Amino acid sequence: MTDRPKSTLWPRWKSLWFHGLGPVLGLVLVSYLLWFIVHGRAFFATSGKGVEAPPVQALPAPEAAAAPPIAAKVPTAPAPDLRSQLEQVLAGIREANQKRDLSQLLSYYSPNFPQLTQRTQGISKAWRIYNYPKMAFEIQEIKPVTDNTAVARVTWLIEAQNISTMKQQNISRTYWITFSRESGQWQISALAKAD
């Protein structure tokens with residue numbers, strides 16, 4: 001039998017693996033895991049080229065009962081058309097308050113508005129005590145939730161005059177108003193005081 005020389009290739013691979021490639025691959029694996037933990041997504045994940053996810057907008061909820069549903073995709077800015085439509089609703093409410101027209105006022109509220117009967121009674125009581133010579137509103141922000149629902153932060157600036165004493169006072173109130181489009185018309189479906 002012939003004597004074959006021992007191959008020195010395996011000890012070299014073994015040495016190279018334990019002293020070179022093993023630690024390098026371990027470092028790469030640890031780096032990848034750290035990237036995933038810090039960024040919450042895989043480094044090599046594939047997505048559409050140039051496609052960005054829409055920004056997430058959290059909706060502050062002043063009261064849990066009045067919190068509107070939040071959609072998965074929320075446009076970053078409301079269309080100018082939406083703003084003008086919501087302004088028309090608020091202008092109608094202002095006009096109905098100044099004319100003391102309860103049926104006109106109620107036409108701007110959804111039949112599903114929580115405690116609508118109590119709200120109507122409260123408005124009627126306030127009209128027996130106060131006149132509203134000046135009412136102005138300002139929409140600070142609008143957050144579309146769905147095609148038929150939007151939430152707006154609205155500040156009302158009201159000059160109220162007591163009918164019996166003729167004393168005037170200026171009132172400022174800010175609300176989160178949920179608007180819903182029902183039968184093609186925007187109406188108020190929820191209301192909550194803003195902080």
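The values are calculated or read from the model by the stated rules, or taken from the named source; none is laboratory data. Just so it is clear, the structure is predicted and the values come from calculations on it, not from any experiment. Quick reminder, even Gly has a Cβ in these numbers, built from the backbone with ideal geometry, and neighbours come from all protein chains shown. Areas reflect the complete protein model, heavy atoms only, side chains present, ligands, DNA and RNA absent. Shrake-Rupley method; radii C 1.70, N 1.55, O 1.52, S 1.80 Å.
Some notes on this structure:
- Computed label-point distance, nm, for sites Gln121 and Ser183 using a 7 Å Cα→Cβ extension: 2.6 nm
- For region 107-180, fraction of C-alpha pairs farther apart than 18 Å, in %: 55 percent
- Here the simple spin-label model places points 7 Å from the Cα toward Cβ, and for Gln98 and Arg153 these points are separated by 2.7 nm.
- Once the Cα-Cα distance is subtracted from the 0.36 nm per residue extended length, the Ile139 to Asn162 segment shows a gain of 5.6 nm.
- Taking 0.36 nm per residue of separation and subtracting the Cα-Cα distance, full extension of the segment from Asn131 to Ile171 would add 13.1 nm.
- For region 94-163, the solvent-accessible area works out to 54 Å² per residue, with a probe of 1.4 Å and every protein chain left in place.
- Applying the Karplus relation 6.51 cos²θ - 1.76 cosθ + 1.60 with θ = phi - 60° to region 93-105 yields 3J(HN,Hα) values of 5, 4, 4, 5, 5, 6, 8, 6, 9, 5, 5, 5, 4 Hz, where x marks Gly and Pro.
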